[in-house]
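Let me begin by presenting the structure, written as structure tokens, before commenting on it.
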Amino acid sequence: MTKIHATGSAFSYGRSYLIRLVFNIPTGEADDNGTDAGAQAECISEKQLSTIVDFINEYGIDEPKFLEFLGVAIKKRNCVIDLSSKFGAQEKDVFPLLYAACSAGLNVRGVAFHVGSQCKTPDSYLPALRAVRRIFDRASSESFTFDTLDIGGGLPISYRSPLPGVSEFCDVLSQGLEKLFPENLRIIAEPGRSISGDAMTLVVRVIGRSLRKNIPWYYIDDGVYGAFSGRLFDKCDYRLIPERSGPLTPCVVAGPSCDATDIVSTDQMLPRLEIGDLLLVPGMGAYTSVSATSFNGFPPPQILVTSDQWDSEQ
Ligand SMILES: Cc1ncc(COP(=O)(O)O)c(C=O)c1O
């Protein structure tokens, strides 16, 4: 964390409940312009704002280190997890919130959005940038000074089907930012999955087999209550790679717990597996063991770090 901080990056606690309370409000359906429309306006009360100010004072967060953003809701476009369904102000609520923040003594330095996690198409960022441009324009005409834009996360990794890589997303983003935000602006990004997702591969072992309705079922030693929790929480569809080769057949791969929901895959073709076989599951470095449980007595998987570089830096 110290090293990351030294590069000029920062850690966001913008999703912590206090800060979220100020800048994000429940929203309704988004319109075609990129931001939400149609839901009830729900402004933050002065009491809530003063709670935030007390929080800032209590923790001694001084202005240069503390960037306050107004989170805006962005219409879901080709992403798997819609992060604007729960948080983010609608465009029509932005200015009442800004004025409320201002009268509570908060210095809003810019706007933050998140296009949604596991965003599949770089172009999905463009309507969001256009919506934010409108907000910046009105802000400057109403004498608010914004110096920062937080473009959130959303960059995907490829699970079972190939998706555009980080550089393709960055190309579209840089062009969009250059065209729409020629002013001298600090741009912050908060990529999550695209940084850590491919850093981990899960190794699971086949611990049981059965034939049900003529389909082979393989029971493995981790499931949706463990590292495959991303299947439930994050709608992730992980690729299973067998160590063994052979004719491929349809099969079901299930986790070890007693729960019938504990199914890892129903539509992947695998060779006939034997008990004790290993399967590799790439892309397990984000939204996996962090939400794993020990349900039914199966502990989350152990994490092993294999990089020499990591070892030498410990
Ligand atoms: C505020 C915020 N920023 C960034 C991220 C990271 O998103 P992603 O993993 O899609 O890049 C999240 C994920 O939930 C988030 O809530």
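Rule-based calculations on the coordinates, nothing more; no lab input. Here the structure is a predicted model, which means the values were calculated and not measured. Every residue, glycine as well, gets a Cβ built from its backbone with ideal geometry; the counts of neighbours run over all protein chains shown.
Backbone phi angles across segment 169-174, fed through the Karplus curve with coefficients 6.51, -1.76 and 1.60 (θ = phi - 60°), yield HN-Hα couplings of 5, 5, 4, 5, 5, 5 Hz in residue order; Gly and Pro are listed as x. Which FRET efficiency value, to the nearest 0.05, do you get for Cys258 and Asn78 by plugging their Cβ-Cβ distance into 1/(1 + (r/R0)^6) with R0 = 30 Å? Efficiency, rounded to the nearest 0.05: 0.20.
Using R₀ = 22 Å, calculate the FRET efficiency as 1/(1 + (r/R₀)^6) where r is the Cβ-Cβ separation of Leu304 and Phe233; round to 0.05.
Working: r = 23 Å, r/R0 = 1.07.
The formula returns an efficiency of 0.40 here.
Panel order for Leu270, Leu155, by other beta carbons found within 10 Å of each beta carbon, from fewest to most: Leu270, Leu155.
The slack in the chain from Ile207 to Glu168, taken as 0.36 nm per residue of separation less the alpha-carbon distance, amounts to 10.0 nm.
If I stretch the segment between Ser291 and Ser196 completely, what's the gain in nm (0.36 nm per residue apart, minus their alpha carbon distance), one decimal?
Values: separation 95, 0.36 × 95 = 34.20 nm, distance 1.51 nm.
Contour length minus the Cα-Cα distance gives 32.7 nm.
When each of the peptides 116-128, 77-89, 236-248 is scored by how many other beta carbons lie within 10 Å of its residues on average, the order from highest to lowest is 116-128, 77-89, 236-248.
Summarising the amide proton neighbourhood of Trp217: residues at separation of 5 or more, or on other chains, whose placed amide H is nearer than 5 Å comprise Ser210, Leu211, Arg212, Val252. Close amide H pairs (under 5 Å, H built 1.01 Å from N) link Leu163 with Ser158, residues at least 5 positions away or on another chain.
Taking amide H positions as modeled 1.01 Å from N, with prolines and chain starts lacking one, the residues under 5 Å from Val264 and 5 or more places away or on another chain are Val253, Ala254, Gly255.
Students often check this: by mean Cβ neighbours within 10 Å, which of 291-299, 195-203 ranks highest, and how do the rest follow? Intermediate results must be reported in sequence, preceding the final value.
Values: 291-299: 14.1, 195-203: 16.7.
Taking the mean over residues of other Cβ atoms within 10 Å, the ranking is 195-203, 291-299.
Provide Ile303, Ile220 in ascending order of the number of other Cβ atoms located within 10 Å of each residue's Cβ, fewest first. Don't skip to the end; give the middle numbers.
On the way: Ile303 11, Ile220 25.
Fewest to most other Cβ atoms nearby, the residues stand as Ile303, Ile220.
Taking GluC sites (Glu not before Pro) across segment 98-205, the ones in a DSSP loop with at most 12 further Cβ atoms lying within 10 angstrom of their Cβ are Glu142, Glu183. Working note: Karplus 6.51/-1.76/1.60 with θ = phi - 60° gives segment 184-192 the couplings 6, 10, 7, 10, 10, 10, 10, x, x Hz, where Gly and Pro are set to x.
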